[in-house]
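To keep things clear, I will list the structure first and then write my remarks on it.
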Amino acid sequence: MKKFSALLVMLLCVITSWSQGKKSVENQIIQSLDQKKGKLAEVAHQIWEWAELGYQEHQSSELLQKTLKEAGFEVKAGVAGIPTAFVATYGSGKPVVGILAEYDALPGVSQAAVPERQIREDQTAGHACGHHLFGTASSGAAIAVKEWLASSGHSGTIRLFGCPAEEGGAGKVYLVREGLFDDVDAVLHWHPSSTNSASARSSLANKSAKFRFYGNASHAAASPWNGRSALDGVEAMNYMVNLLREHMRPESRIHYVITRGGEAPNVVPEFAEVYYYVRHPDMAEVRALFERVVKAAEGAAMGTDTRMEYEVIHGIFNVLPNKTLGEVMYSKLQQVGGVSYTEKETAFATEIMKSYKSDGLSPTSAMTIAPFEVREKGSGGSTDVGDVSWVVPTAGLSTATWVPGTSAHSWQAVAAGGMSIGHKGMINAAKTLALSAIEIMQNPELATKAKAELLKRRGKDFKYEALLGDREPPLDYRK
């Protein structure tokens, strides 16, 4: 009995020692990122100031590359035929843990970092989806993991993927297609939000294209019979697609904008263009629905005696949830906690919340962490993280970088992302990513389990084929 008691005491000592050692490592990571907060906030704000659009993020990409190089990473720039894409690597051996970083802005949402609508005179774009925070937090997390690898001597590789043009440009798809994730064991990502969450959720698959109609110009009053209106082609297409809405599945979404409608009312338009998005929770349904939209365009061209061409701009898969990695991420987010405001930040939040319906939320709602859940069926938006998640086990989170109740792609999101509220959520994301990556490196069986889950979810017959086909990156899609 005494011998058994002695063994039990020894075992408890070992467990206690291991637990304390793990807690010590995690505390070091958290403290390290707290110390880097000022520097990371400067990087994020500089990218916020530049607000560069998709595939034009030259300064933003270079700044993140410079930050990672100075931290000891080996950086390969211009990957997958994209000048602003890069891969930064540190370490050796398995497991290989990837972290995604984004840094593109959105057009038309210029905003100063103030709680009322105020357009910046020097900038027409804005970080209304918070990708300036996204890229910076991911880089900060990768640096923290690198420092742990260097100090501990632990085997493993941390790899930061610089991913441009998430907003409609599908930058990650080209990285996947290039095989840059083939040796990666797990991928982590995050996204700015008005809430804190680490659930394993899907998204909507999405395929987009620009439909271009060509007609004949003529005087619209003196000889309209000699003209063939390209705008008539666009409008006929839009009418037929709107009729199609009755005959598509309720979860489907189609949106469009007329990007070119002609030059003057008294000239029959020789050229017109309309830009379409087609979405659904299932990428197979997106493929089928997109072909129906193409048929509407072909019919419109035939009926208006115009010529039609279309260019696929992007195509992205729905996100494949991974419960194994999601639970890891959720536990680390709980450890890090939500976002608490200072008195000044509370005043900012209170004022900005007057500009939208907050549905009973308050500034203190930023401290709340949503319960963990697995959502197999996507809703809401789309992301090119989807393609990554079908080839590598992937998990993500969101943190409250925006005031509670804020909608993405809004001036309110730009405003909060340009001040300390956004920076606080960014640091929480960096801590959660770093802790999750280290947990996977310390327990490689998690990556093995996550891979088994991935294979089961996608099916044995799955073969990756990009929704956008073999087209080259649309480097000028925002010009």
- Query: residue 201: more than 30 Å from residue 95 (Cβ to Cβ), surrounded by fewer than 23 Cβ atoms within 10 Å (Cβ to Cβ) and in contact (Cβ under 8 Å) with a residue 12 or more places away in the chain, yes or no?
  - Reply: no
- Any idea which residue in the stretch 239-298 is modelled with the lowest pLDDT, counting only those that are among the small types (Gly, Ala, Ser) and on the phi < 0 side of the Ramachandran plot? 284
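Does the stretch 404-416 contain any residue that is under 25 Å from residue 106 (Cβ atoms), in the same structural domain as residue 105 (by TED's automatic domain parsing), in contact with an Asp or Glu (Cβ under 7 Å, 6 or more places away or on another chain) and not small (Gly, Ala, Ser)?
Our first condition is that a residue be under 25 Å from residue 106 (Cβ atoms); within the stretch 404-416, this holds for 404-416.
Filter once more, keeping what is in the same structural domain as residue 105 (by TED's automatic domain parsing): 404-416.
Subsequent filtering for residues that are in contact with an Asp or Glu (Cβ under 7 Å, 6 or more places away or on another chain) retains 405.
Right, trim to not small (Gly, Ala, Ser) and you get none.
No - not one qualifying residue is present in the stretch 404-416.
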- Considering only strands (runs of 3 or more DSSP E) fully contained in the stretch 132-226, which possess at least 2 residues that are under 21 Å from residue 69 (Cα atoms)? 156-163, 186-193
- Matching entry among 380, 396, 360 (being among the small types (Gly, Ala, Ser), in contact (Cβ under 8 Å) with a residue 24 or more places away in the chain and exposed (fewer than 14 other Cβ atoms within 10 Å of the Cβ)): 380
- Note on the structure: Residue hits (the stretch 221-248; in contact (Cβ under 8 Å) with a residue 40 or more places away in the chain and under 22 Å from residue 381 (Cα atoms)) are 241, 244, 248
- helices (runs of 4 or more DSSP H) contained in the stretch 390-479 and holding at least 2 residues β-branched (Val, Ile, Thr) and closer than 30 Å to residue 95 by Cα: 420-442
- Among the listed residues 441, 419, 426, which satisfies the condition of being at pLDDT 95 or above, surrounded by fewer than 22 Cβ atoms within 10 Å (Cβ to Cβ) and not polar (S, T, N, Q)? 419
- Of the numbered conditions (1) modelled with pLDDT under 95; (2) touching an Asp or Glu at 6+ places or on another chain (Cβ under 7 Å), residue 328 fails exactly one; give the number of that condition. (1)
- Query: Among the listed residues 218, 208, which satisfies the condition of being out of contact with any strand residue (DSSP E or B) (no Cβ under 6 Å at 6 or more places or on another chain) and either surrounded by fewer than 19 Cβ atoms within 10 Å (Cβ to Cβ) or touching a residue at least 24 places away in the same chain (Cβ under 8 Å) (or both)?
  - Reply: 218
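Yes/no matrix, rows are residues, columns are (1) assigned by TED's automatic domain parsing to the domain that holds residue 71; (2) buried (at least 24 other Cβ atoms within 10 Å of the Cβ); (3) of a type in the set (A, V, I, L, M); (4) under 17 Å from the mean Cα position of the chain (by Cα):
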{"position": "123", "(1), (2), (3), (4)": "yes, no, no, no"}
{"position": "131", "(1), (2), (3), (4)": "yes, yes, no, yes"}
{"position": "163", "(1), (2), (3), (4)": "yes, yes, no, yes"}
{"position": "180", "(1), (2), (3), (4)": "yes, no, yes, no"}
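Go through the stretch 137-187 and give me each residue that's of a type in the set (Gly, Ala, Ser), under 17 Å from residue 95 (Cα atoms) and in contact (Cβ under 8 Å) with a residue 60 or more places away in the chain.
Step one: list which residues in the stretch 137-187 are of a type in the set (Gly, Ala, Ser), which gives 137-142, 144, 150-153, 155-156, 162, 165, 168-171, 179, 186.
Filter again for under 17 Å from residue 95 (Cα atoms), leaving 141-142, 144, 150, 152-153, 155-156, 186.
The answer is 141, 142, 144, 150, 152, 155, 156, 186.
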- Select from the stretch 331-347 the residues that are more than 20 Å from residue 439 (Cα to Cα) and either charged (D, E, K, R) or touching a Phe, Trp or Tyr at 6+ places or on another chain (Cβ under 6 Å) (or both) and list them in ascending order. 343, 344, 345
- Query: Are any residues in the stretch 295-347 within 30 Å of residue 224 (Cβ to Cβ), surrounded by 18 or more Cβ atoms within 10 Å (Cβ to Cβ) and not hydroxyl-bearing (Ser, Thr, Tyr), and if so, which ones?
  - Reply: 296, 297, 300, 301, 308
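The values are calculated or read from the model by the stated rules, or taken from the named source; none is laboratory data. These figures come from a predicted structure and were not determined experimentally. As a convention, Cβ positions derive from the backbone with ideal geometry for all residues, glycine included, and neighbour counts pool all protein chains shown.
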